[in-house]
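Scroll down for the structure; my scribbles are underneath it.
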Amino acid sequence: MLTLDQTLQQLMLLASEHFKVPASQLKPDDDFFKTLGINSLQTLDLLTRLESHFNVELPDYELQGVSDFRTLAERIQSRL
């Protein structure tokens, strides 16, 4: 099983690759909407990729208000 740090690193790497943003620019507590320059539709695309990558289902109610990588990684980690 992955540790929270491993989940966080994989999440940030996937986001970096998907949106072509250097991984070095991403920090765990960054607001991913601002850092990645994405909108809510693009976020749904990212969430679909994350669910597939981590083989988890992330219910909408668990993601409300989540806007930073660390909290998103915690939500994913709780489903592993």
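It is to be established whether one or more residues within region 47-54 are touching a strand residue (DSSP E or B) at 6+ places or on another chain (Cβ under 7 Å) and at pLDDT 95 or above.
no
Screening residue 57 on (1) more than 12 Å from the chain's Cα centre (by Cα); (2) surrounded by 15 or more Cβ atoms within 10 Å (Cβ to Cβ); (3) not polar (S, T, N, Q) shows it passes everything except condition (2). Looking at 72, 58, 2, 80, just one residue is assigned to a helix (DSSP H, G or I) and either of a type in the set (A, V, I, L, M, F, W, C) or at pLDDT 95 or above (or both), and that residue is 72. The residue that is nearest to the chain's Cα centre (by Cα), counting only those in region 1-14 that are surrounded by 14 or more Cβ atoms within 10 Å (Cβ to Cβ) and within 13 Å of residue 70 (Cα to Cα), is 11. Please indicate, with yes or no, whether at least one residue in region 64-72 is free of Cβ contacts under 8 Å to residues at least 12 places away in the same chain and under 11 Å from the mean Cα position of the chain (by Cα). Yes, there is a match, as at least one residue in region 64-72 is free of Cβ contacts under 8 Å to residues at least 12 places away in the same chain and under 11 Å from the mean Cα position of the chain (by Cα).
Considering only region 18-38, state which residues are surrounded by 17 or more Cβ atoms within 10 Å (Cβ to Cβ), in a helix (DSSP H, G or I) and in contact (Cβ under 8 Å) with a residue 24 or more places away in the chain.
Matches in region 18-38: 32 only.
For region 33-75, the set of residues classified as among the β-branched types (Val, Ile, Thr) and under 16 Å from residue 16 (Cβ atoms) consists of 35, 38, 43, listed by residue number.
The values are calculated or read from the model by the stated rules, or taken from the named source; none is laboratory data. Just so you know, these numbers come straight off a predicted model, no measurement behind them. Positions of Cβ are backbone-derived with ideal geometry, glycine not excepted, and every protein chain shown enters the neighbour counts.
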